[in-house]
Amino acid sequence: MILSMADDADGERAPKVTGRAISDIVLNQRYRNQLIGYFEWVSSYDEQRRYQTAVPYVHVPNEALNQWDDWASDGVLERYVEPVFSVEEQQALRDYRAVLNSFCDDTPQTLPPLEQLIGTEPWARLRLAAKKALEIFMHRGILDREVEQFPKH
């Protein structure tokens, strides 16, 4: 059984059990969109600052590492394949992972607050790697969350 959200009698959103599973392609399309969102905020100091302001109790530098692990850990990264992830996009993910790993090697285990990291070479390197990945992903842009954009024939 699959949980989804449906309107109840009061017009509120409530969980509903359905028998409809999503395909691997739709699932990867959703992951791909999440990665684009991730690259959007990691690639911009302004977006990082907005994130920190909007959620002051979150340590944004740690969040950059944790979200990457959520969406693109090594085991998951290998499942991001064509047609949803182009060869160029797959390489962009591997390249970003390499920069992220070098960032971790070059910084203390306990990261300083965002404003102390902004302007440092390791954080700038990570931001630029995210920007490059974002540019590659935006060649095809956001994909549909519900409909397969690459149906099997």
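The values are calculated or read from the model by the stated rules, or taken from the named source; none is laboratory data. Predicted model only: the values in this text are computed from it and were never measured. All Cβ positions, even for glycine, are placed from backbone atoms using ideal geometry, and neighbour counts span all protein chains on display.
Number of residues in region 43-64 that are assigned to a helix (DSSP H, G or I) and touching a residue at least 40 places away in the same chain (Cβ under 8 Å) equals 8. For residue 148, work out the one condition from (1) of a type in the set (D, E, K, R); (2) surrounded by 13 or more Cβ atoms within 10 Å (Cβ to Cβ); (3) farther than 22 Å from residue 85 by Cα it doesn't fulfil. (3) is the only condition that residue 148 fails.
Yes or no: residue 77 modelled with pLDDT of 95 or more and of a type in the set (A, V, I, L, M, F, W, C)? Here the answer is no, as residue 77 does not meet what is asked. Filtered by the rule that a residue be within 15 Å of residue 115 (Cβ to Cβ) and within 12 Å of the chain's Cα centre (by Cα), region 23-70 gives 63, 64.
None of 142, 136 is part of a loop (DSSP other than H, G, I, E, B) and of a type in the set (Val, Ile, Thr) except 142.
Considering (1) loosely packed, with under 15 Cβ neighbours inside 10 Å; (2) touching a helix residue (DSSP H, G or I) at 6+ places or on another chain (Cβ under 6 Å), the lone condition that residue 134 does not fulfil carries the number (1).
Please determine whether any residue of region 73-89 is under 16 Å from the mean Cα position of the chain (by Cα), surrounded by 14 or more Cβ atoms within 10 Å (Cβ to Cβ) and part of a helix (DSSP H, G or I). Within region 73-89, one or more residues are under 16 Å from the mean Cα position of the chain (by Cα), surrounded by 14 or more Cβ atoms within 10 Å (Cβ to Cβ) and part of a helix (DSSP H, G or I). Report yes if residue 148 is more than 14 Å from the chain's Cα centre (by Cα) and modelled with pLDDT under 95, otherwise no. Against the criterion (more than 14 Å from the chain's Cα centre (by Cα) and modelled with pLDDT under 95), residue 148 qualifies. No other residue among 130, 124 is within 30 Å of residue 26 (Cβ to Cβ), part of a helix (DSSP H, G or I) and small (Gly, Ala, Ser) apart from 130. Remark: pairs (first residue in region 131-153, closer than 17 Å to residue 37 by Cβ; second residue basic (Lys, Arg) and outside any loop (DSSP other than H, G, I, E, B); Cβ separation under 7 Å; 6+ apart in sequence or on different chains) = 143/32; 145/30.
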